[in-house]
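Taking it in order: structure first as structure tokens, then the write-up.
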Amino acid sequence: MWKTLKENLWVNNPIFMQILGICSALAVTNQMRNTAIMGIGVTAVTGLSSFTISCIKDLIPRKVRMITQVLVIAFYTVIVDIMLKAYVPDVSKELGPYVGLIITNCIIMGRAEAYAQSNSPLPALWDGITSGFGYMFILFVVSIFRELLGFGSMFGLQIMPEGFTTWAIMVSPPSAFFFLGIFIWIGKSIQYRAEAANAPVSAPTPAK
Amino acid sequence: MKNSFIYTVIFTFVLCFLFVLILSFTNSITIEKIQQNVEFEKNRAILQTFGIQANNLEEVNKNFGGIQTIEKNGITYYVKKVDGVTAYSSAYQGPGLWGIIRGYIAMDEKVSKVIGFAVTDQNETPGLGARISEKWFIEQFKNEAIINNNIRVSNGGVGDSNKDNGTIDGITGATRTSDGIQVILNQSIKQFKKDLGR
């Protein structure tokens with residue numbers, strides 16, 4: 001269980017290792033509140049879809065495998081959308097079209113294909129939830145920088161002093177590209193170094 | 001058996017049926033709440049154009065009592081006296097960058113100034129065009145003079161506080177959205193003038 005958590009949060013993080021789910025990472029991260037809600041939404045949908053698909057995996061004919069997966073993912077996404085609209089309409093307005101776009105998030109389909117199709121329901125649920133956490137973790141860090149530098153606030157509360165000039169580029173998607181690139185670079189560097197340190201000592205070269 | 005044609009068809013049908021059934025159920029138990037939310041947003045926007053801040057259902061209902069409704073050429077106008085002037089508020093809609101921008105706009109009966117502006121629906125870029133819903137942008141419209149039958153949306157700034165120049169600041173980096181707002185303003189002013197007989 002802990003292994004799955006560590007895998008999906010770091011070693012095989014969906015965003016900077018598997019490079020999945022980038023689209024919404026660029027769009028919603030300019031404000032921390034939207035990122036948090038989006039992260040929770042994606043985690044819920046990924047977990048529940050993986051769980052459901054795992055439950056019915058033995059019944060699904062091969063020809064309609066992907067169609068069934070999309071159906072399940074869309075189902076949960078629409079439920080999330082309806083719940084947001086009914087109970088927190090302000091947030092729903094802020095997130096707007098991005099809630100519907102959860103359906104297209106590659107992470108969810110990726111986990112369904114890679115894990116839920118061939119594992120039992122409860123592990124699949126956990127795998128889905130931890131993948132969602134991996135996604136949320138990266139988005140959160142990016143959004144801290146983007147909101148702080150682009151708006152001067154965190155979760156809407158003004159943090160930067162009055163005279164601070166906001167960095168307009170932080171508000172636009174390109175800034176998320178830069179941060180993601182930096183993240184991928186740092187993340188992979190740390191992991192490669194760890195791998196190299198663990199690699200067996202190479203055989204000594206023969207004396208000339 | 002699992003991969004036979006018949007099974008595939010039946011399976012897909014049953015699965016779709018089940019999921020859609022659950023979705024319809026969820027929809028029907030929340031539809032009333034969602035309608036209420038929409039109605040609340042609409043009334044809150046209308047009050048906002050009259051300069052009244054109403055933050056919950058009670059305040060909205062209390063303040064909405066004093067508002068009359070009239071129909072002109074098929075368009076509903078909400079009428080209220082604001083600061084001694086009779087103000088008319090009606091719905092607008094116009095294309096933005098990604099979708100349609102909808103809201104309410106109020107003007108005085110001489111159509112000489114905009115009393116207030118509110119946005120209820122928009123799908124513009126978060127952090128850019130979507131900033132039309134922010135306070136600083138909306139505040140510019142309050143009591144802004146209408147000059148030569150229009151209000152000019154300038155190139156982008158931090159909020160024009162001069163009420164007599166008939167100009168408001170657009171949003172930097174959101175040209176198409178700002179242009180969309182310009183079109184909405186022009187058309188609303190034209191419509192108001194026609195309907196109020198000016």
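Inspection of the range B:35-50 finds a residue satisfying the criterion of being more than 21 Å from residue A:90 (Cβ to Cβ) and more than 9 Å from every other protein chain (Cβ to nearest Cβ).
So is residue A:152 touching a strand residue (DSSP E or B) at 6+ places or on another chain (Cβ under 7 Å), within 14 Å of chain B (Cβ to nearest Cβ) and farther than 30 Å from residue A:69 by Cβ or not? Judged against the criteria, residue A:152 is a match.
Inside the range A:1-50, can you point out the residues that are of a type in the set (Phe, Trp, Tyr) and either touching a residue at least 24 places away in the same chain (Cβ under 8 Å) or buried (at least 17 other Cβ atoms within 10 Å of the Cβ) (or both)? Once the filter is applied, which keeps residues that are of a type in the set (Phe, Trp, Tyr) and either touching a residue at least 24 places away in the same chain (Cβ under 8 Å) or buried (at least 17 other Cβ atoms within 10 Å of the Cβ) (or both), the range A:1-50 yields A:10, A:16. When we screen B:19, B:25 for residues that are without any contact (Cβ under 8 Å) to a residue 40 or more places away in the chain, within 14 Å of chain A (Cβ to nearest Cβ), out of contact with any strand residue (DSSP E or B) (no Cβ under 6 Å at 6 or more places or on another chain) and crowded, with 16+ Cβ neighbours inside 10 Å, the only hit is B:19. Counting only strands (runs of 3 or more DSSP E) wholly contained in the range B:59-175, the ones carrying 2 or more residues that are among the β-branched types (Val, Ile, Thr) occupy B:68-72, B:75-82, B:85-95, B:100-108, B:113-121, B:167-169. Scanning the range B:176-194 turns up no residue that is buried (at least 16 other Cβ atoms within 10 Å of the Cβ), of a type outside the set (Phe, Trp, Tyr), on the phi < 0 side of the Ramachandran plot and not in a helix (DSSP H, G or I).
Looking at this structure, is residue B:57 free of Cβ contacts under 8 Å to residues at least 40 places away in the same chain, more than 9 Å from chain A (Cβ to nearest Cβ), aliphatic (A, V, I, L, M) and in contact with a strand residue (DSSP E or B) (Cβ under 9 Å, 6 or more places away or on another chain)? Considered against the rule, which asks whether it is free of Cβ contacts under 8 Å to residues at least 40 places away in the same chain, more than 9 Å from chain A (Cβ to nearest Cβ), aliphatic (A, V, I, L, M) and in contact with a strand residue (DSSP E or B) (Cβ under 9 Å, 6 or more places away or on another chain), residue B:57 comes out as no. Considering A:73, A:60, A:82, the condition of being within 10 Å of chain B (Cβ to nearest Cβ) and in a helix (DSSP H, G or I) is satisfied by A:82 alone.
Laboratory data are not the source of any read-out in this text; all were calculated from the coordinates shown. No experiment lies behind these values; they were computed from the predicted model shown. Positions of Cβ are generated from backbone atoms using ideal geometry, with glycine treated the same way; all protein chains shown enter the neighbour counts.
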